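Just below is one structure, and these are the notes that go with it.
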Amino acid sequence: MDRDFRMENVSYLKSENTVQDMLTHPALAEFSRHMLPRKEDAASNISIKNIGRLIPWHSHVRPEIVLSGINRLISDSSAGKPVFYHYYTNPIKTEQTGLFFFRGKPDAPFALICPGGGFRYVGSLHEGFPIAEIISAHGFNAFVLQYRTGGEKIACEDMAHALSWIFHNAESLAVSVKGYSVWGGSAGARMAADLGSYGSSRLGGDDLPKPAAVIMAYTGHDWITREDPPTFSVVSSDDPIASANVMIQRTLALKDAGIDAEIRVFNNAGHGFGIGTGTDAEGWIDEALRFWERQLVKEKTFRGKNVE
């Protein structure tokens, strides 16, 4: 799929550029601190080719993939398209939270992506922006959630508030709220599962429809309810953190409850593999998108391969 979005006369980052270059880039400077895994990473001057050092619980971090997401934000921002939004008005909370927007086709359904990091950091550079870039290339809209770290409860509260904000602003954002999906990796997958099981209002947001599909990557979350949405999961058998067997058993439990559920188990992708480039997990995003599209067809919010 063609992901070449670059415009002439715009300065893009390269692998030898540093975190400080990203923070001070004129197209990113207003919100660039929210792109970092942790607040304290703003003091780092590590190069982008070594950015994986800032997200130690993630694997297969590839500079060219990280750069593609960053440079997509630079391109959109330079073109005058807003790419970052606050979903809180409280100034203390806005310092730690926000939503990055990767546009697809106007009025297409949206995906909300919750990157992982063990509730200690938020791995958007590896596990948020690259996924959002692929989703938007398929015509869907994608939001990457920057949430407060410190625990599952506070992170889920931010997720529910962000989702409520999207619903309230759907018209101005030109996104459809019908048939949305929620995606997450590791700790973010726990958040996605919580939204699917309990709904936004129980997590601190508005009373909203549950997602049409939950997409979960490499997590030890094993709880389900009989009201869970259709769920697509991925994990690697060599994951040292999230047990593949736990995710397999969760998928079987969902099926036993009559819920549409699928899982893909890979062999050499480890934990936190993001979009999986360079591993046997490569291409899993396309499979997950097909699963979501199938749910949209069932809900009659989608007709055919291309988003309408």
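Every condition in (1) in contact with a Leu (Cβ under 7 Å, 6 or more places away or on another chain); (2) closer than 23 Å to VAL177 by Cα holds for ILE224 except the one numbered (2).
Of all residues in the stretch 154-173, those that are in contact with a Leu (Cβ under 9 Å, 6 or more places away or on another chain), open to solvent by less than 50 Å² (accessible area, probe 1.4 Å) and either under 14 Å from PRO109 (Cα atoms) or of a type in the set (Asp, Glu) (or both) total 4.
Wholly within the stretch 1-115, which helices (runs of 4 or more DSSP H) include no fewer than the required count, namely at least 1 residues that are crowded, with 21+ Cβ neighbours inside 10 Å and touching a Pro at 6+ places or on another chain (Cβ under 6 Å)?
Because the criterion is at least 1 residues that are crowded, with 21+ Cβ neighbours inside 10 Å and touching a Pro at 6+ places or on another chain (Cβ under 6 Å), the helices (runs of 4 or more DSSP H) in the stretch 1-115 that meet it are 63-78.
Count of the stretch 285-299 residues, restricted to those that are open to solvent by 10 Å² or more (accessible area, probe 1.4 Å) and either within 18 Å of GLU127 (Cβ to Cβ) or within 19 Å of the chain's Cα centre (by Cα) (or both), is 4. The set of residues from the stretch 126-153 being over 12 Å from the mean Cα position of the chain (by Cα) and open to solvent by less than 10 Å² (accessible area, probe 1.4 Å) comprises GLY139, PHE140.
Being of a type outside the set (Val, Ile, Thr), under 17 Å from the mean Cα position of the chain (by Cα) and farther than 24 Å from ASP107 by Cβ is true of GLY188. Residues in the stretch 233-278 that are without any contact (Cβ under 8 Å) to a residue 24 or more places away in the chain and either closer than 24 Å to PRO37 by Cβ or buried (at least 19 other Cβ atoms within 10 Å of the Cβ) (or both): ALA244, THR251.
Does GLY179 count as in contact with a helix residue (DSSP H, G or I) (Cβ under 9 Å, 6 or more places away or on another chain) and on the phi > 0 side of the Ramachandran plot? When the stated conditions are applied, GLY179 passes them.
Looking at this structure, is SER176 hydroxyl-bearing (Ser, Thr, Tyr), assigned to a strand (DSSP E or B) and either surrounded by fewer than 24 Cβ atoms within 10 Å (Cβ to Cβ) or modelled with pLDDT under 95 (or both)? When the stated conditions are applied, SER176 passes them. Would you confirm whether or not the stretch 200-208 contains a residue that is on the phi > 0 side of the Ramachandran plot and touching a residue at least 24 places away in the same chain (Cβ under 8 Å)? Yes, the stretch 200-208 contains at least one residue that is on the phi > 0 side of the Ramachandran plot and touching a residue at least 24 places away in the same chain (Cβ under 8 Å).
The values are calculated or read from the model by the stated rules, or taken from the named source; none is laboratory data. None of these values were measured; they are calculated from a predicted model. Quick reminder, even Gly has a Cβ in these numbers, built from the backbone with ideal geometry, and neighbours come from all protein chains shown. For accessibility, only protein heavy atoms count, side chains too; no ligands or nucleic acids. Shrake-Rupley method; radii C 1.70, N 1.55, O 1.52, S 1.80 Å.
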